[in-house]
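The values are calculated or read from the model by the stated rules, or taken from the named source; none is laboratory data. In this text the structure is predicted, and so the values were computed from the model without any measurement. Heads up, the Cβs are rebuilt from the backbone with ideal geometry, glycines too, and the neighbour counts pull from every protein chain shown. Heavy atoms of the whole protein, side chains included, go into the accessibility calculation; ligands, DNA and RNA do not. Shrake-Rupley method; radii C 1.70, N 1.55, O 1.52, S 1.80 Å.
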Amino acid sequence: MLGQLPILSALVWLPALGAVAILVLRALMRGEDQAALERNARGVALFVTLFVFALSILLVIEFDASQAGFQFVETIPWLAELGIGYRMGVDGLSVLFVLLTAFLMPICILASWKLEKRVVDYMAAFLILETLVIGIFCALDLVLFYIFFEGSLIPMFLIIGVWGGANRIYAAFKFFLYTFVGSVLMLVAMIWMYLDAGTTDISVLLTHEFARDAQTWLWLAFFASFAVKMPMWPVHTWLPDAHVEAPTAGSVILAGILLKLGGYGFLRFSLPMFPDASAFFAPMVMVLSVIAIVYTSLVAFRQTDIKKLIAYSSVAHMGFVTMGLFTMNEVGVQGAIFQMLSHGVISGALFLCVGVIYDRFHTREIGFYGGLVHRMPVYAAFFALFAMANVGLPGTSGFVGEIMTMVGAFEYDPRVAAGAALGVIFSAVYMLTLYKKVVFGELTNPRLETATDLNVREWINLGVLGFIAIYLGFFTTPITATTAASVEALITQYQAALAAAPN
Amino acid sequence: MAYIVVFGPLLAAIVAGLFHRQIGVKASMLITTGLTILAALGSAWLFFDVAVGGNARTYQLATWMAVGSFDVSWAIKLDTLSAVMLVVITSVSSLVHVYSWGYMAEDPHRPRFFAYLSLFTFAMLSLVTADNFLQMFFGWEGVGLASYLLIGFWYKKESANSAAIKAFVTNRVGDFGLALGVMAIFFVFGTVSFDEVFAAAPGQADTILTFFGIEFAALELIALLLFIGAMGKSAQFFLHVWLPDAMEGPTPVSALIHAATMVTAGVFLVCRAYPIYEMAELTSAFITVIGLTTALFAATVGLAQNDIKRVIAYSTCSQLGYMFFAAGLGLYSAAMFHLFTHAFFKALLFLGAGSVIHGLHHEQDMRHMGGVWKKLPLTWGMMLIGTLALTGVGLPLINLGLAGFYSKDMILEEAFMAGAEGIPFGFLAFIVGIIAAGLTSFYSWRLIFFTFHGTYRGDQKTFDHAHESPWVMMIPLFLLAIGAVFAGMVFRSDFVGSGALTFWGESLPAGPYAEGNYGPGAEGHHPPTWVLFAPVGVTAIGFVLAYWFYVVKEGLPARIAAQNGPLHRFLSNKWYFDEIYDFVFVRGTRALGDLFWKGGDQKIIDGLGPNGVAATVMGGARRIAKMQTGYLYHYAFVMLIGVLLLTIWLIAGVGGQ
């Protein structure tokens, strides 16, 4: 039914249209009641993101999970003589990320409802960000991908830099520097690939055989970009700073979606296009993943800032993703995708939980809090749920991703699985300690006496995320069945390429 | 019926946990208690249908994970082994629910408490009815969660919070092993389903698995990894440290979770996976050693504790050691038998201790008790029955005694026989078991005399207000007492005797005693008579010594304690485990965390990376700060230059080739 309609373009460009509408509205309402303008901006943003979310649900429903190839493909010639085109399409690897993005956006808008500073710009920035991020997952052309991929940095950069905390300039700068270095190298690789294959069509590049020597360099260039995005150890230090300074919704998007770009990049480019290099570098990735899991879990344990702690915990959880991806067996890769989606929900929820108390007390210092359960029992319950999901308790989605990646890793090398399993112990240590310090105990800080429990808006946000975290903990097939065909194809092609390679 | 048994408590937990504000405290308590009792009745029915009637079956509920060959389902597996556990769990749980009406009567958070209890019950039921290792892992961690929540139930108390975390984290250390074991199972067998794994186990006897450069027999490694999980959950030596601290939770919790059900999950695991353990001789020997070490260690520590609950906690630890060395020696049915009887008398002892604590207004220190039997006569009577059952009082030759007599003596006698047959550590297990039985008798009677007899040592006002507990607390005690008296007598034949040959179906072997005496071609299988009398003998000695120290020479132990000799210090400090672990693990983790954070992240990575670059190339962040309005352009500009430079370089490079 949607075959003829450009649903992907609609998904990508509708938010941008919304942003334009908001900006036009500002021009029209200049000099009028600013409160009304801000109300309208919020309303438009919420409406557009909800509409896009509905559309993305339709996309997933219409998506044929039994097919491995790209679906809903759109092609418009554009710089055709150079082999560049406007090409869009999704497969099992990307379609659920579109859904995740479209799902988290309305939550972000709701979470920012009480924002007071430059509301119009803020809403426009989020809508543009949504356009760019969905664009990344839909793009089937290198140039298009690169534009979206790099473009997505700009609104994020602004969100941190304009609406961030006290030290936002340093954080934004660090964020920029890291990602920029990676991106430049990726761009070089892309240009090389274009020169080699004569096209920027990703679906063609996926079947193009790159020379083995070239693969190594190309892989490393892409790795530089994706590793920073994940982020992998040791290029992770931008993330805690970025999170700490970002506004709540910015953190949700950063952890929930932008961190997944690296993993998606590995799935879309590194693994299928450079199989020999991937196999060659896999041991390195495994070691870095295990270091990330153990090292950052230990660092998380020592944090005194709630957001920093959760940010470090994100790095550890992304370690499971890279570990799962490079096992290149079905359980591992499926587990990695599951872990990314699940982490999008859980870490998003955790940052919202921090946002709830930050909105009330304007501090993220763990030492400030204590005994919140006396005043905010519902909040305490939600926080407990997401803390447990983050710890990877069976029955939450966090467990599924972890166990599947570890099962895959065990097949690759039991030592890797053992290292990752160590991280599972530490995650309990830092998360439960955090929870104890913030929520349990006597209420000693008099400033906390006035704390009010969740309002309806916060309730809805956390309730929806909590439901998903538990539902996916018990029933995983909605996700794995959607991704299965594409993952199988990816692995088959990978194995064939390795088998064909001369040793 | 099976659905009601398993999901009834879950439903109750959800309703009471989420909607207690709407339905009120009373209704929350009613629904949790009611559905758990219903589950208990259903379990009894299932027990007769499945175990006695022989109708083992499995219900497949839904798919949990299905990725390639990694196919895991939600299921309810009913066989004799799970049916026994169902009865234990639901009956103790429903009694604890009822008891809590009285014990927790003044607590403002009762709905939450009852919701946790029911949640625990559900998790435990899903653990024992799993038909695959991963669902079992779900229940395994689920009971860990419930245990965490219940230990930390009084969340204002710092000590309760710390104990809760300690319990969860120590269990996670065990789960680390268990999870790896499950992974290894999938790696070796390509499935995690019990039936398929156990059927294929004999065929994998020669499989080798390399782990950290060492070659293991695959089954030995799997068995060992699973056992590490069991050590955590069942508080075995090295991983026992959380159990005594878990006494910070309300006493009904200790009875349910830390005596009768959750801590026995490890024993259940080993029994459930017995086809693997039968193939893993080295690991089985290891289990025997750990089990007997725990039995002895915990019994010695129990001698010198003053907190009434901690004494019983160490006793639990010690009795679990018995179950494990039995399982290690291949006496699975005897281990399950002891698990079954122990659930009754240990829950009885805990709830009895709870009744004492309740009657004395939350006094737990036995040094402040004494002579209270007149005030608490019924509780005293119930505690006596529990103690007699725990110490295994009975008459060997005519085979008449309380529950512990049948099960513990069966383990000890069969350990002796195992030793005679040359199974490693059989004799040692027997000897250590006898010694520990003597210690058990001593510390148990010490508890009775210290608490109930002699002169009162606490504050007079408390004594004057001491009162017997309400009926809602006493009735569960009576029912458990009936179990403590008769559970051994009634079920001996089914669990380990002549009935065992058919009772267990395919879930467990009947054990050497049943096979040797009643099986086809049985030639008789009896230890020498002195072996039969040895446990009763040491029990009597323990009793006499305790009587001497705490009744005849009352006050002498306190003087010994006051001298604080090295042995006393060693025991009352629990062999210094907490201190050593604190030094090595807690501080080690902190130090490592600080090292990675301040040294690794801040000094090395940031120092060489962004900050260094910032300082040199950009002239510091201050200049950036000046340009803060121009981010977009700045960024685009740098990008453009970069692209330009690279393109030039590329074209030059390509041209140069």
Seminar exercise, completed: Residue hits (segment B:163-202; open to solvent by 10 Å² or more (accessible area, probe 1.4 Å), under 27 Å from residue B:257 (Cβ atoms) and more than 8 Å from every other protein chain (Cβ to nearest Cβ)) are B:166, B:170
Exercise. Do any residues in segment B:145-159 that are free of Cβ contacts under 8 Å to residues at least 60 places away in the same chain and within 18 Å of residue A:431 (Cβ to Cβ) have Cβ atoms under 7 Å from those of residues that are part of a loop (DSSP other than H, G, I, E, B) and among the hydrophobic types (A, V, I, L, M, F, W, C), where the two are at least six apart or on different chains, and which pairs are they?
Worked result: B:145/A:393; B:155/A:440
Seminar exercise, completed: Every listed condition ((1) crowded, with 21+ Cβ neighbours inside 10 Å; (2) among the small types (Gly, Ala, Ser); (3) over 30 Å from residue A:458 (Cα atoms)) holds for residue A:111 save (3)
For this session: Kindly indicate the residue of segment A:369-381 that is of a type in the set (A, V, I, L, M, F, W, C) and open to solvent by less than 30 Å² (accessible area, probe 1.4 Å) and also farthest from residue A:451 (Cα to Cα) among those meeting that condition.
Result: A:380
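Answer yes if at least one residue in segment A:471-483 is closer than 26 Å to residue B:170 by Cα and either within 12 Å of chain B (Cβ to nearest Cβ) or buried (at least 23 other Cβ atoms within 10 Å of the Cβ) (or both), and no otherwise. Break it down into steps so the answer makes sense when it comes.
Taking segment A:471-483 and keeping what is closer than 26 Å to residue B:170 by Cα, we get A:473-474.
Cutting the leftovers down to either within 12 Å of chain B (Cβ to nearest Cβ) or buried (at least 23 other Cβ atoms within 10 Å of the Cβ) (or both) gives us A:473-474.
Scanning segment A:471-483 turns up at least one residue that is closer than 26 Å to residue B:170 by Cα and either within 12 Å of chain B (Cβ to nearest Cβ) or buried (at least 23 other Cβ atoms within 10 Å of the Cβ) (or both).
Go through A:458, A:449 for me and flag whichever is more than 10 Å from chain B (Cβ to nearest Cβ), more than 20 Å from residue A:96 (Cβ to Cβ), of a type outside the set (Val, Ile, Thr) and open to solvent by less than 30 Å² (accessible area, probe 1.4 Å).
On the way: A:449 fails: open to solvent by less than 30 Å² (accessible area, probe 1.4 Å).
From the options A:458, A:449, the qualifying one is A:458.
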For this session: Check residue A:366 against each of (1) surrounded by fewer than 24 Cβ atoms within 10 Å (Cβ to Cβ); (2) at pLDDT 90 or above and name the one condition it does not meet.
Result: (2)
For this session: Can you give me the ranges of the helices (runs of 4 or more DSSP H) entirely in segment B:211-272 with at least 3 residues that are more than 18 Å from residue B:340 (Cβ to Cβ)?
Result: B:218-233, B:242-245, B:251-255
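Out of all the residues in segment A:70-83, is one or more open to solvent by less than 40 Å² (accessible area, probe 1.4 Å), polar (S, T, N, Q) and touching a helix residue (DSSP H, G or I) at 6+ places or on another chain (Cβ under 7 Å)? It would help to see each step written out before you state the result.
Filtering segment A:70-83 down to residues open to solvent by less than 40 Å² (accessible area, probe 1.4 Å) leaves A:71-72, A:74, A:83.
Among the residues that remain, those that are also polar (S, T, N, Q) are: A:71.
Checking the rest, the ones that are also touching a helix residue (DSSP H, G or I) at 6+ places or on another chain (Cβ under 7 Å) come to none.
There is no residue in segment A:70-83 that is open to solvent by less than 40 Å² (accessible area, probe 1.4 Å), polar (S, T, N, Q) and touching a helix residue (DSSP H, G or I) at 6+ places or on another chain (Cβ under 7 Å).
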For this session: Name every residue in segment A:326-354 that is away from every other protein chain (no Cβ under 14 Å) and over 22 Å from residue A:106 (Cα atoms), in order of residue number.
Result: A:326
For this session: Determine if segment B:557-566 includes at least one residue that is in contact (Cβ under 8 Å) with a residue 40 or more places away in the chain, closer than 21 Å to residue B:314 by Cα and either of a type in the set (S, T, N, Q) or outside the structural domain of residue B:388 (by TED's automatic domain parsing) (or both).
Result: no
Problem set entry | Unique residue being under 22 Å from residue B:56 (Cβ atoms), surrounded by fewer than 24 Cβ atoms within 10 Å (Cβ to Cβ) and among the β-branched types (Val, Ile, Thr) when the list is B:128, B:87, B:98, B:72 | B:87
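Could you pull out the residue among A:54, A:35 that is open to solvent by less than 70 Å² (accessible area, probe 1.4 Å), at pLDDT below 90 and small (Gly, Ala, Ser)?
Numbers: A:54 fails: at pLDDT below 90.
Answer to the selection: A:35.
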For this session: Among the residues of segment B:134-177, count how many are more than 14 Å from residue B:243 (Cβ to Cβ) and either polar (S, T, N, Q) or more than 17 Å from the chain's Cα centre (by Cα) (or both).
Result: 12
Seminar exercise, completed: Listed by first then second residue, the pairs whose first member lies in segment B:63-91 and is assigned to a helix (DSSP H, G or I), whose partner is modelled with pLDDT of 90 or more and of a type in the set (Phe, Trp, Tyr), with beta carbons under 7 Å and at least 6 positions apart or on separate chains, are B:83/B:47; B:84/B:340; B:85/B:268; B:86/B:47; B:87/B:47; B:88/B:340
Problem set entry | Filter result for the condition that a residue is in a helix (DSSP H, G or I) and touching a Gly at 6+ places or on another chain (Cβ under 8 Å), over A:261, A:271, A:298 | A:298
Problem set entry | Qualifying residue in segment B:17-33 (condition: part of a strand (DSSP E or B) and among the basic types (Lys, Arg)) | no
Exercise. Among (1) of a type in the set (A, V, I, L, M); (2) open to solvent by 10 Å² or more (accessible area, probe 1.4 Å); (3) under 26 Å from residue B:537 (Cα atoms); (4) modelled with pLDDT of 90 or more, which single condition is residue B:378 missing?
Worked result: (3)
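Is it the case that residue B:206 is more than 13 Å from chain A (Cβ to nearest Cβ), open to solvent by 10 Å² or more (accessible area, probe 1.4 Å) and not in a helix (DSSP H, G or I)? Steps first, please.
Details: more than 13 Å from chain A (Cβ to nearest Cβ): yes; open to solvent by 10 Å² or more (accessible area, probe 1.4 Å): yes; not in a helix (DSSP H, G or I): yes.
Yes.
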Problem set entry | Matching helices (runs of 4 or more DSSP H) fully within segment B:112-202 where at least 1 residues are in contact with a Gly (Cβ under 7 Å, 6 or more places away or on another chain) | B:133-151, B:158-189
For this session: Looking only at segment B:571-587, decide whether some residue is more than 30 Å from residue B:295 (Cβ to Cβ), in a helix (DSSP H, G or I), open to solvent by 40 Å² or more (accessible area, probe 1.4 Å) and modelled with pLDDT of 55 or more.
Result: yes
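Residue-by-condition table, conditions (1) more than 9 Å from every other protein chain (Cβ to nearest Cβ); (2) buried (at least 24 other Cβ atoms within 10 Å of the Cβ); (3) in contact with a Ser or Thr (Cβ under 9 Å, 6 or more places away or on another chain):
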| site | (1), (2), (3) |
| --- | --- |
| A:385 | yes, no, yes |
| A:396 | yes, yes, yes |
| A:400 | no, yes, yes |
| A:406 | no, yes, no |
| A:425 | no, no, yes |
| A:431 | yes, yes, yes |
Problem set entry | Entirely in segment B:431-536, the helices (runs of 4 or more DSSP H) that have 3 or more residues that are open to solvent by less than 20 Å² (accessible area, probe 1.4 Å) and under 25 Å from residue B:325 (Cβ atoms) | B:471-495
